[in-house]
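Here the structure is laid out as structure tokens; the discussion comes afterwards.
The values are calculated or read from the model by the stated rules, or taken from the named source; none is laboratory data. For clarity, every value in this text was computed on a predicted model and none was experimentally measured. Positions of Cβ are backbone-derived with ideal geometry, glycine not excepted, and every protein chain shown enters the neighbour counts.
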Amino acid sequence: MLLPGIKLRVSVLASLAIFLILLSSAQAAYPPEADLGIEKEARIGGVPVAEVDPGAAFDYVITVTNHHPTHSAPEVMVTDKLPYEVAIGSINVSSGLGESAVSRSGDLVYVRFDLIPAGGSGQIIISVTAPEEAPTTLYNIANIRYGNDPNPGNNRVTISTYVPLLGYDHLGSAAARPREFREPSRPGGLGLPKLPERVKTALPMAHAKSRISQFFVPPLRNSQTLEFKSDEDAVET
């Protein structure tokens, strides 16, 4: 029969052993911290773009990376808030990110990963179609959630994609910019608008011919008529 002091020590040691077993099990089920990050781009034919034409098909590409070299990350969720204006097509997930399940609710896309391996990286590609109405700007927000991430600064990304009005260059290229409006100068020290040389030459000549015709036509005698061969010559007949 054990003495009371010995019984107490055995009880304490048994409790400590159970606690260590439970702690070890919890650590095995939920691994140490892992730095997960996401990046996002809009692409056409694999090429990143900042603009898409109205009604054009393009892809939203989300790159997911586990930056920890030795720790895998279980139970990871990626959420993508798509612009309500786009039409959603297919959704593809890289196998390098492990087993995944995709679901949708309106303009929200959810991708759940069972276990992203240490150092693993892959892509979520969401194919969409731009709206016909333009101009407009499409905003897209992607977020990754993991319960033991020491660096939340790379867990969220927002991008914007512009849908221009066709025939109008919002970047303001020389060919598309309207000509600069110049208000005509007014009298009173500012001078008159500058005229082309041929116009400046023609105006005094026309004025002079008018004055000559008005004041220097010779008087007609009873038997004479006046024939104008040009603006400059008056010939008696």
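Summary of values
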item: Single match in S103, S121, S95 (criterion: at pLDDT below 95, farther than 16 Å from S160 by Cβ and among the polar types (S, T, N, Q)); result: S95
item: Filtered residue count, the range 47-64, keeping only those that are over 16 Å from the mean Cα position of the chain (by Cα) and surrounded by fewer than 19 Cβ atoms within 10 Å (Cβ to Cβ); result: 1
